[in-house]
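A short worksheet on the structure shown next.
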Amino acid sequence: MEQREYRLSFFDRNNYIRRACVSCGTPFWSKGNNDKCADTPCTNYYFFDMELNTPKLNVKQSRELFINFFKRKGHTYISPRPVLARWREDLYLTIASIVVFQPHVTSGLVEPPANPLVISQPSIRLDDIDNVGVTFGRHLTTFEMAAHHAFNYPDKYVYWKDETVEYAKEFFTEEMKIPEEMLNFKESWWEGGGNAGPCFEVTVGGLELATLVFIQYRKNGDNYEPLPLKIVDTGYGVERIAWFSQRSPTAFHAIYGELVAKFFDKIGISPPNEEILRKASYYAGQIDTENPETLQRHFRMVAESLKLDTNQVRQELETSSRVFQVLDHTKTVAMMLGDGLVPSNTGEGYLGRLVIRRVLKVLRLLRSSVDLLDLIKTQIDYWKDDFPQLSKNRNYIIDAVSSEVEKFEEALSNVNSAISLLKREGGKSLIKIYDSFGIPPEILAEEASKRGMKVEIPRDFYARVAKIHGNAPLKSFQSEKLPREVIEDVRNLPKTELLYYTDPYLRTFFGKVIWSNGKYVVMDRTVFYPEGGGQLGDQGIIMDENNEYKVLDTQAVDGVVVHILESGTIKPGSTVKGTIDWERRYRLMRHHTTTHIVLAAAKKILGSHVWQAGAEKRPDKARLDITHFRMPTTEEIQSIEESANKIVLDRRDVTPLVINKNEAEAKYGFDIYEGGPQLRRDLRLIEVRDWDIEACGGTHVKNTSEIGGIKIVNVDKIQDGIIRLEYVAGDIVSKYALSLENRLNKIATLLNTSPSEVEERLTSYLKRTSENDRVLREYRTMFVRNLENTLRPEIINDKRLYIIPELPEESILQDIMRKITTNPKTLVVYFRESNNATRVEIACSSDLNVEAVIAELIRKFNGRGGGKGTKGQVVTNVAGKDKAIQEIKGILYRL
């Protein structure tokens, strides 16, 4: 980038000199005599050696010092956003303060909540998760980005580069008491979120304390297009400011204070030598995380400087770095769960589970028996004043972590299957294995080594996994029910006047056809609601002067409503009368409002972590997918239903309101985005009085009493962390009750009794059936015992081969196979013959390789099949079992 981007009048006025770092060659500005940029790896962290009058600050004090300074400079303070970026459709986590304003503010669509403003935004990044602890504080997964932002419009200048750099100088010299000649402004370049611009990295004593970014370009491929909106985007490291001020042995000591000693004690590790840690931090800038050799060199540098044994230093630092990882990760987990993340196998939940399992892995490597819940509770207690959501959601955090620990232990029980997959696919499949089984590769490698296998784990394994799953897949808001040519034709038409917003009870209207292509029709106005927000599109009829046309569906393209006819075509310019299928629409309205009511009820009963993961509103029923870490109990479902029906009976008004996005967020929080992010200046909210409010573009009843009643008809766990609720409302409740009544009558007929006596008759029947099952089990046990006593193995090369005769039940076969294979060096075979084909079922003791037997039989008979663990089967077109028996004997000779 051209030098003019960085040559500021501030530097000229204050006698700053531009130099090139003798180590890396990067230009930087300074008043001092530095020949280096004062950044790692060009220098060590020599701030440890600096004589300063900087006040010692903890994290809270560093944050307050920054905020108060910029408030005095005319900046409005805005509260931090959650670490879950639910106002963004492309990100799961808040990775920086600018994320709060992208893309709605940075694009110019929405004004900022204040201008200029100051914020201290908790952020989570997993890009460097593998480096946490290893660099003694240079890398963290959770951190606070203190920032001041200014948004310069063509007609409104706030401030730009000179003022931003001057603010930095004043903050560091006046508030932090750092001599000005020690400040360095290193030239750099920033890109992110489709934006770009020059920046300065503010470095002191080897430590980068702030980055001053000037967003002035939109990146379009390889081109940089000037933005009309010029944005000051700064980032001051709160934790780094605290570390710099304290000059503590590591950044973790500055961040976590007394928790460092507590965690070492709880984990069962002796407190580290602080002088070793201080030297490790001093030289930490020399660690190139891309080059493992630099880590070994770092150990040697520390050992030589203290005249200690390198192995002793290595062992102490490796152990300490793992404890620091636990410190960092447990706070990250608490922050994620505190803001409502539900661990799962997809989306943001996947990232939460990744961090939880990494910390559980680290605790195993430390051979620690500490309860993860104890560590999480300690973090909550330490940070609860800084982040009130931690204490507010304490019970949920504890329950979710407890559930995740159980699921982790369940995952470890599948280690044999994971190693079998590893054998087949090799080390390159580690990420696939992790995605499939959830077993950390370090634990997998430990188990594999016991079997003579060596597993190479990429240094940045967890960062690679996080990168794959870190960005939300962009949802297409384009209709999939319209041909591409129709979409292209209508997207530039004038937006349709939406009469259903003016009056959702309007059934008939007159409009003018402005475009048509066969069965696809666009009018200047409509009462037909197009599919969106999970609500199906309207149906009905359209009439012109001569004909009546049936509307099968309604879709939208960028604000243009397209009506899809069953047949026929209507000429542009025609005036038509449209009438919706009101009975169908009213059912949709009832179900849509019910969805809002049920969601709010679920949040109140199950916890505020509940979040809408999907929804569909149909005339016959509706469904709501919510995030929750376990299957709700019957009592919880009943409570949700009862709460929802109380709102119906309470006759609460349902009111649409249009409100500025910033005002809506400030007044109602980010739960308004339950239905998804809204990228517009003004939001349409639906408020159920004193119960729920969220952004929504659907049609709703005016009062909850119109719903009549709500009945939850089905509850499923559709995937880990996602619960599906299905329910009916209004007159569909009666239809549902009628269907249950009909089923009850059928059951009564089958039991030869009346509906009122079904329960008594069925109880008696089940009691008799249970007794019959008990007797049958006894006979089955006797049969298996007798069969086991009569079977005689054929001894082949010191191995036992059992051929099982034909059996009456599959369960008997499984029982006998399980019993016999408890003996060592045992193979059990069972044959099923039909239609010129033979199926061979095989089980073996754990000391034999069933997969080798299966593979050999498949090759010999050109068959198909497979095996897992100690069981398998082969299907071959070769009729008769004699030949198969001979082959199996031959295999046993060779095993």
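The values are calculated or read from the model by the stated rules, or taken from the named source; none is laboratory data. Given the structure is predicted, the values throughout are model-derived calculations rather than measurements. Cβ sites come from the backbone with ideal geometry, for glycine too, and all protein chains shown count toward neighbours. What goes into the accessible areas is simple: the full protein's heavy atoms, side chains included, and nothing from ligands, DNA or RNA. Shrake-Rupley method; radii C 1.70, N 1.55, O 1.52, S 1.80 Å.
Exactly one residue out of Val654, Val728, Val713, Val701 is modelled with pLDDT of 95 or more, closer than 29 Å to Thr346 by Cα, over 28 Å from the mean Cα position of the chain (by Cα) and open to solvent by less than 20 Å² (accessible area, probe 1.4 Å), and it is Val728.
Per-residue answers, yes or no, for (1) in contact with a Ser or Thr (Cβ under 9 Å, 6 or more places away or on another chain); (2) hydrophobic (A, V, I, L, M, F, W, C):
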position: Ala613; (1), (2): yes, yes
position: Ile626; (1), (2): no, yes
position: Asn662; (1), (2): no, no
position: Ile672; (1), (2): no, yes
position: Arg680; (1), (2): no, no
position: Thr704; (1), (2): yes, no
position: Glu726; (1), (2): no, no
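Scoring Val401 on the criteria (1) farther than 20 Å from Thr330 by Cβ; (2) part of a helix (DSSP H, G or I); (3) open to solvent by less than 10 Å² (accessible area, probe 1.4 Å) leaves a single failure, condition (1).
Given the criteria surrounded by 20 or more Cβ atoms within 10 Å (Cβ to Cβ) and either in contact with a strand residue (DSSP E or B) (Cβ under 9 Å, 6 or more places away or on another chain) or over 26 Å from Ile124 (Cα atoms) (or both), does Glu239 qualify? So Glu239 fits the description; yes.
Here is the figure for the range 841-887: residues that are on the phi > 0 side of the Ramachandran plot and modelled with pLDDT under 75 total 3.
Quick check on my filter: what residues within the range 792-813 are exposed (fewer than 15 other Cβ atoms within 10 Å of the Cβ) and either on the phi < 0 side of the Ramachandran plot or of a type in the set (Ser, Thr, Tyr) (or both)?
Taking the range 792-813 first, the residues exposed (fewer than 15 other Cβ atoms within 10 Å of the Cβ) are 792, 794-795, 797-798, 805-806, 808-811.
Selection gives Arg792, Glu794, Ile795, Pro805, Glu806, Pro808, Glu809, Glu810, Ser811.
Those strands (runs of 3 or more DSSP E) of the range 544-631 in which at least 1 residues are at pLDDT 95 or above and open to solvent by 20 Å² or more (accessible area, probe 1.4 Å), considering only elements entirely within it, cover 548-557, 575-580, 612-617, 622-627.
When the range 364-376 is filtered for residues that are surrounded by 18 or more Cβ atoms within 10 Å (Cβ to Cβ) and in a helix (DSSP H, G or I), the ones remaining, listed by number, are Leu372, Leu375, Ile376.
Filter the range 529-543 down to the residues that are more than 14 Å from Leu565 (Cβ to Cβ) and open to solvent by 50 Å² or more (accessible area, probe 1.4 Å), then identify the one that is modelled with the lowest pLDDT. Don't jump to the end; show me each part of the working.
We begin by selecting, within the range 529-543, every residue more than 14 Å from Leu565 (Cβ to Cβ); these are 529-536.
Among the residues that remain, those that are also open to solvent by 50 Å² or more (accessible area, probe 1.4 Å) are: 531, 533.
Working: Glu531: 96, Gly533: 91.
Filtering first and then ranking leaves Gly533.
Among the residues of the range 246-287, which ones are touching a Ser or Thr at 6+ places or on another chain (Cβ under 7 Å), touching a residue at least 60 places away in the same chain (Cβ under 8 Å) and farther than 22 Å from Val204 by Cβ? Result: Leu259, Lys262, Ile267, Gly268, Ile269. For Leu109, the criteria (1) open to solvent by 30 Å² or more (accessible area, probe 1.4 Å); (2) modelled with pLDDT under 95; (3) more than 31 Å from the chain's Cα centre (by Cα) hold in every case but one, which is (3). Residues that are surrounded by 20 or more Cβ atoms within 10 Å (Cβ to Cβ) and over 45 Å from the mean Cα position of the chain (by Cα) do occur in the range 834-844, at least one of them.
This table checks each residue for (1) under 23 Å from Lys73 (Cβ atoms); (2) of a type in the set (D, E, K, R); (3) open to solvent by 30 Å² or more (accessible area, probe 1.4 Å); (4) in contact (Cβ under 8 Å) with a residue 60 or more places away in the chain.
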{"residue": "Ser120", "(1), (2), (3), (4)": "yes, no, no, yes"}
{"residue": "Ala147", "(1), (2), (3), (4)": "yes, no, no, yes"}
{"residue": "Gly194", "(1), (2), (3), (4)": "no, no, yes, yes"}
{"residue": "Leu207", "(1), (2), (3), (4)": "no, no, no, yes"}
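Among residues belonging to the range 38-59 that are more than 25 Å from Thr142 (Cβ to Cβ) and hydroxyl-bearing (Ser, Thr, Tyr), point out the one that is least open to solvent (accessible area, probe 1.4 Å). Spell out how you get there, then give the answer.
Just the residues of the range 38-59 that are more than 25 Å from Thr142 (Cβ to Cβ), to begin with: 38, 42-44, 46, 49-53.
Pick out the ones that are also hydroxyl-bearing (Ser, Thr, Tyr) and you get 43, 46.
On the way: Thr43: 19, Tyr46: 71 Å².
Once the filter is applied, the top-ranked residue is Thr43.
Applying the criterion of being out of contact with any strand residue (DSSP E or B) (no Cβ under 6 Å at 6 or more places or on another chain) and in a strand (DSSP E or B) to the residues of the range 832-865, the residue that is farthest from Leu892 (Cα to Cα) is Ser834.
On the given criteria, is Gly257 small (Gly, Ala, Ser), closer than 25 Å to Leu366 by Cα and open to solvent by 10 Å² or more (accessible area, probe 1.4 Å)? Don't jump to the end; show me each part of the working.
On the way: small (Gly, Ala, Ser): yes; closer than 25 Å to Leu366 by Cα: yes; open to solvent by 10 Å² or more (accessible area, probe 1.4 Å): yes.
Judged against the criteria, Gly257 is a match.
Anything in the range 311-363 that is open to solvent by 10 Å² or more (accessible area, probe 1.4 Å), free of Cβ contacts under 8 Å to residues at least 24 places away in the same chain and either charged (D, E, K, R) or in contact with a helix residue (DSSP H, G or I) (Cβ under 8 Å, 6 or more places away or on another chain) (or both)? List them, or say none. Gln312, Arg314, Glu318 - these are the residues of the range 311-363 that are open to solvent by 10 Å² or more (accessible area, probe 1.4 Å), free of Cβ contacts under 8 Å to residues at least 24 places away in the same chain and either charged (D, E, K, R) or in contact with a helix residue (DSSP H, G or I) (Cβ under 8 Å, 6 or more places away or on another chain) (or both). Ile17 - would you say it is open to solvent by 10 Å² or more (accessible area, probe 1.4 Å), at pLDDT 95 or above, out of contact with any helix residue (DSSP H, G or I) (no Cβ under 9 Å at 6 or more places or on another chain) and β-branched (Val, Ile, Thr)? Answer is no for this residue.
The rows are residues; the columns are (1) surrounded by fewer than 18 Cβ atoms within 10 Å (Cβ to Cβ); (2) of a type outside the set (Val, Ile, Thr); (3) under 19 Å from Asp798 (Cβ atoms).
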| site | (1), (2), (3) |
| --- | --- |
| Leu848 | no, yes, yes |
| Lys860 | yes, yes, no |
| Gly867 | no, yes, no |
| Leu892 | no, yes, yes |
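At pLDDT 95 or above and more than 30 Å from Phe185 (Cβ to Cβ), is that true of Asp233?
Details: at pLDDT 95 or above: yes; more than 30 Å from Phe185 (Cβ to Cβ): no.
Judged against the criteria, Asp233 is not a match.
When Ile397 is tested against (1) of a type outside the set (Gly, Ala, Ser); (2) at pLDDT below 95; (3) within 20 Å of Val326 (Cβ to Cβ), just one condition goes unmet, and that condition is (2). Only one of the numbered conditions (1) under 30 Å from Asn752 (Cβ atoms); (2) touching a strand residue (DSSP E or B) at 6+ places or on another chain (Cβ under 7 Å) is not met by Arg777, and that is (2).
Within the range 499-513, being surrounded by 18 or more Cβ atoms within 10 Å (Cβ to Cβ) and part of a strand (DSSP E or B) holds for Phe509, Gly511, Val513. Entry remark, the range 75-106: residues being touching a Pro at 6+ places or on another chain (Cβ under 9 Å), within 19 Å of Tyr159 (Cβ to Cβ), open to solvent by less than 50 Å² (accessible area, probe 1.4 Å) and not aliphatic (A, V, I, L, M) number 3 in total. Restricting Leu412, Leu421 to residues that are of a type in the set (A, V, I, L, M), in contact (Cβ under 8 Å) with a residue 24 or more places away in the chain and on the phi < 0 side of the Ramachandran plot narrows the list to Leu412.
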